[in-house]
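For reference, the structure discussed in these notes is given below.
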Amino acid sequence: MSYNPSEIEAKWQKQWDDEQAFEPSDSLTQKKKYILSMFPFPSGRLHMGHVRNYAIGDAIARYYRKQDYNVLHPIGWDAFGMPAENAAIKHGRHPKDWTYSNIDYMRKELNSLGLSFSKTREFATCDPLYTKWEQEFIIKMFAEGLLFRESTTVNWCEDCHTVLANEQVEEGCCWRCDNPVELKEMPGYYLDIIKYADELLEDLKMLEGKWPNQVLTMQNNWIGKSQGLEFEFELSEESKAKLDGKFDTYSVFTTRPDTIYGVSYSALAAEHPITKYIVEHNLIDEETAGKITVIANMSERERAQADKEGYPLGITVVHPLTGEEIPVWTANFVLASYGGGAVMAVPAHDERDHEFASKYDLPIKRVISGGEELPYTGEGELVDSAAFTGLNNYEAKAKVIATFEEAGFGKGTTNFKLRNWGVSRQRYWGAPIPFVHCKSCGLVPEKIENLPIALPEDVEITGEGNPLENHPTWKHCKCPKCGEEAIRETDTLDTFVQSSWYQFRYATNPKKWNEVGIDKEEANYWLGVDQYIGGIEHAILHLLYARFFTKVLRDLGYVNIDEPFNRLLTQGMVTMDGAKMSKSKGNTVDPDKLIEEYGADTARLFILFAAPPQKELEWNDNAVEGAFRFIKKLYDRADKVTSKTLPVIEHGALSKESKLARQKIYEALQKSADVYEKTFAFNTLIAACMEAMNALDKQESTEVWSEGMYVMLNLLEPIIPHAASELSEVLFERENLKALLEVKEEVFVQESILYVVMIGGKKRTEFEISPSASQDEILAKAKEEGAKWLEGMQIVKEIVVPNKLVNLAVKPS
């Protein structure tokens, strides 16, 4: 048979479409598997990272269909977001037109790979029917107090007139216009994710062994639960007077109450109300005020990477236990978003505090014994700590907290690094936030029956401001509560909202999409996702928000599950010359050209063979050629098959070479379940099939050839579905693809074992011997076979490695 990939692939893709071969059954009683790859943003073209992600998911989905599972394997489009507006500015195209035309093109690319996605369940998150139900969720969250509006400090790009997420600030500049970003206080909408922080943290235990440890650690650290003491520092009388009586105290949180007697200064964030008051009321020199303003406009990421920097504010606070006056500074390492934006600094027992104190020559007081050098952060007895002196510092934590609580100075509390999720974006291409502003009623949610609130299409995207804010009619509406004139909310939702619940939308039968956002019965059947696949770059925010949304939707009565993704695989990047493939670096490989030259199966085989899926994959043109040659080899050997069914073979009557070939075939089959269900190390399975093919080439039995092709095409069908289906149809009428095959244990019964004989550290010979031979018999045989190398030598040591080799250490006799 000759291999013509374009002809074969077109044939099978049409046949699968005609048969609707990949649509899940409506049955909710059949055993199921939900295989989901993170959906793409419709940027215009697929890249090899997409190919890798979807080839992995597709292989798993095809494997489970062979076992008669009801398989849901969907795809859709994460279609809202700033890149569409950027394209509108650059190319003068409407974001909707740009987005849907890209979807059409990329859909064809996905089809050309032969991916077994459900086509009836495909959607884009910018579809009005998706927005409708998302807006319903938002309104219900508002009713439950989970969504609220408040003024906070945000990243603001003056040129684009929009709020930016931390991830959209690159080296202090906007990712779109590359102009400096400033921090600005303005109103926005927030989801109360902190309410679920404990549950999000605790439920990570459910995912141990199912998610990569690295991802669990990243989630844990991002939530950042810490327990400690919260108390008020009271300003000295002189400082109160300096601040015109506007402030008496400020709140501090510490995880180290045991070091309370080591406090030598306190530090405030540059955005702290007291710091701002001092700067705005000229209570500090102009030069220092300017430097503090620079710090205030730095992102948290920039501050974390910067050298420690700070300035004295000219005020003091009173130590709550000693009455000592402590100087107050502002410091760039103090964040307004954590612990109230104020810290008590203990430089003797904290590396950050010590670095700052050393730089500015501030006092350093040891209060824990142990360690020769400071800072000392380990365990020890308290010193110079009044009544607590002599206590172990870990024991002292609870006692210090109790002392503060009894005296009414403070309380034990829990804090999180996790911040509430700001979902407001001042841009056009997003889901409108379904609220109106009424002079009489205040903030009012839209009526559910009026959803979706759709975007107006008659807008011009210039990159300056939000087109919804400037639209002449769209924002003017009636109040849903009193019927008076009102203004519609012009902020749109963060795109992370759309990707937080899409797994539930796929699980709802498209016939019901008009009626419900999530069908509870179907969602409870399909969810959680049995295998989720995506890049490690989404290990924190997307996964955290999807987990949060799942718990909220559960509490709102939409679903019954606690976690959305039962198992997670994070695939590595595709690189070229050691760098991530990127259009900006000019080191991309176009999947379309690869498919045109070699066929989709070659692309799939290469991408799964070149590296384990969790590891980076270095592009290699020679390996692509090798993948193509292997498929061609399968075709070249088709004429060796003489049986349309799996032949019955008398193993004992076969030649040594045929027995070895059968062993290699079934070693691959043995490996397959572990690969498809646990490790996803497709490279090892493909290597095992290649090894089996080489072994088949060294023997002559047509029965063994028939058996080998029967089994190998079954194993390879999820990886190279077009070629495997074509060969299977011609050779076996596709009977070999209908189910998983059973391993024939007879092929692993060894009639003899091959031993290598090492003499004086060199391989000299080899021999075969019965598996039941004793060690003495093995040694005797080794000496017999190696006799000529033992002449004139004395054996000083004998080592037998079972089933492998005999090593004889010798010296001249």
Taking the residues in the range 476-495 that are crowded, with 18+ Cβ neighbours inside 10 Å and of a type in the set (Val, Ile, Thr) as candidates, determine which candidate is farthest from GLU515 (Cα to Cα). THR490
For the range 130-152, which positions are in a strand (DSSP E or B) and exposed (fewer than 15 other Cβ atoms within 10 Å of the Cβ)? PHE148, GLU150, SER151
Per the filter on the range 15-44, residues basic (Lys, Arg), touching a residue at least 60 places away in the same chain (Cβ under 8 Å) and out of contact with any Lys or Arg (no Cβ under 9 Å at 6 or more places or on another chain) are LYS32
Would it be correct to say that ASP68 is under 24 Å from SER500 (Cα atoms), of a type in the set (Asp, Glu) and not assigned by TED's automatic domain parsing to the domain that holds LEU737? no
Restricting attention to the range 23-43, does a residue exist that is among the hydroxyl-bearing types (Ser, Thr, Tyr) and surrounded by 24 or more Cβ atoms within 10 Å (Cβ to Cβ)? yes
So in the range 473-509, with the set limited to residues that are within 22 Å of CYS160 (Cα to Cα) and of a type in the set (Phe, Trp, Tyr), which one is nearest to the chain's Cα centre (by Cα)? PHE496
Going through the range 459-475 one residue at a time, which ones are surrounded by fewer than 16 Cβ atoms within 10 Å (Cβ to Cβ), polar (S, T, N, Q) and either touching a residue at least 24 places away in the same chain (Cβ under 8 Å) or touching a His at 6+ places or on another chain (Cβ under 8 Å) (or both)? THR462
Check ALA87, ALA79 and return the single one that is aliphatic (A, V, I, L, M), in contact with a Ser or Thr (Cβ under 9 Å, 6 or more places away or on another chain) and part of a helix (DSSP H, G or I). ALA87
State whether one or more residues within the range 527-541 are closer than 30 Å to ILE448 by Cβ, in contact with a Leu (Cβ under 6 Å, 6 or more places away or on another chain), among the hydroxyl-bearing types (Ser, Thr, Tyr) and at pLDDT 95 or above. no
Output the qualifying pairs, or none if there are none: Cβ atoms under 6 angstrom, residues six or more apart or on different chains, first residue in the range 363-383 and outside the structural domain of ILE260 (by TED's automatic domain parsing) and crowded, with 17+ Cβ neighbours inside 10 Å, second residue part of a loop (DSSP other than H, G, I, E, B) and at pLDDT below 95. none
Return a yes/no flag: does the range 602-622 have any residue that is surrounded by 20 or more Cβ atoms within 10 Å (Cβ to Cβ), among the β-branched types (Val, Ile, Thr), assigned to a helix (DSSP H, G or I) and modelled with pLDDT of 95 or more. yes
For the range 393-441, which residues satisfy the criterion of being in contact with an Asp or Glu (Cβ under 7 Å, 6 or more places away or on another chain), surrounded by fewer than 17 Cβ atoms within 10 Å (Cβ to Cβ), of a type in the set (Ser, Thr, Tyr) and within 30 Å of LEU544 (Cβ to Cβ)? THR413
Looking at the range 293-303, can you tell me whether even one residue there is of a type in the set (Val, Ile, Thr), within 17 Å of LYS240 (Cβ to Cβ) and surrounded by fewer than 18 Cβ atoms within 10 Å (Cβ to Cβ)? no
So the helices (runs of 4 or more DSSP H) completely within the range 708-813 holding 3 or more residues that are surrounded by fewer than 14 Cβ atoms within 10 Å (Cβ to Cβ) and of a type in the set (S, T, N, Q) are none
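So that you can scan it fast, the table gives a plain yes or no per residue for (1) closer than 17 Å to PHE39 by Cα; (2) not basic (Lys, Arg):
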{"residue": "LEU468", "(1), (2)": "no, yes"}
{"residue": "TRP474", "(1), (2)": "no, yes"}
{"residue": "CYS477", "(1), (2)": "no, yes"}
{"residue": "CYS482", "(1), (2)": "no, yes"}
{"residue": "GLN503", "(1), (2)": "yes, yes"}
{"residue": "LYS520", "(1), (2)": "no, no"}
{"residue": "TYR525", "(1), (2)": "no, yes"}
{"residue": "THR550", "(1), (2)": "no, yes"}
I'd like to know if the range 470-491 contains one or more residues that are over 30 Å from GLY228 (Cβ atoms), touching a Ser or Thr at 6+ places or on another chain (Cβ under 7 Å) and of a type in the set (S, T, N, Q). no
Residue check, GLU406 over 30 Å from PHE137 (Cβ atoms) and at pLDDT below 95: no
With the condition kept exactly as written, say whether any residue in the range 15-28 is in contact with a His (Cβ under 9 Å, 6 or more places away or on another chain) and not in a helix (DSSP H, G or I). yes
Which is of a type in the set (Gly, Ala, Ser), in contact with a Pro (Cβ under 6 Å, 6 or more places away or on another chain) and on the phi > 0 side of the Ramachandran plot, of GLY92, GLY81, GLY114? GLY114
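Every residue, every condition in (1) modelled with pLDDT of 95 or more; (2) in contact with a strand residue (DSSP E or B) (Cβ under 7 Å, 6 or more places away or on another chain), yes or no:
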site	(1), (2)
SER6	yes, no
GLU9	yes, no
TRP12	yes, no
SER25	yes, yes
SER37	yes, yes
PHE41	no, no
HIS50	no, no
ALA55	yes, no
ILE60	yes, yes
Taking the range 560-580, which residues are crowded, with 22+ Cβ neighbours inside 10 Å and either touching a Pro at 6+ places or on another chain (Cβ under 6 Å) or more than 18 Å from ARG52 (Cβ to Cβ) (or both)? PRO564, PHE565, GLN571
Tally, over the range 304-335, of residues that are aliphatic (A, V, I, L, M), part of a loop (DSSP other than H, G, I, E, B) and either on the phi > 0 side of the Ramachandran plot or surrounded by fewer than 21 Cβ atoms within 10 Å (Cβ to Cβ) (or both): 3
What's the total number of residues in the range 3-14 that are in contact (Cβ under 8 Å) with a residue 60 or more places away in the chain, under 11 Å from GLU726 (Cα atoms) and either of a type in the set (S, T, N, Q) or assigned to a loop (DSSP other than H, G, I, E, B) (or both)? 1
Restricting to the range 153-194, give me the number of residues that are assigned to a strand (DSSP E or B) and either modelled with pLDDT of 80 or more or crowded, with 20+ Cβ neighbours inside 10 Å (or both). 20
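The values are calculated or read from the model by the stated rules, or taken from the named source; none is laboratory data. Here the structure is a predicted model, which means the values were calculated and not measured. For neighbour counting, all protein chains shown are included, and Cβ atoms are generated from backbone atoms with ideal geometry for every residue, glycine included.
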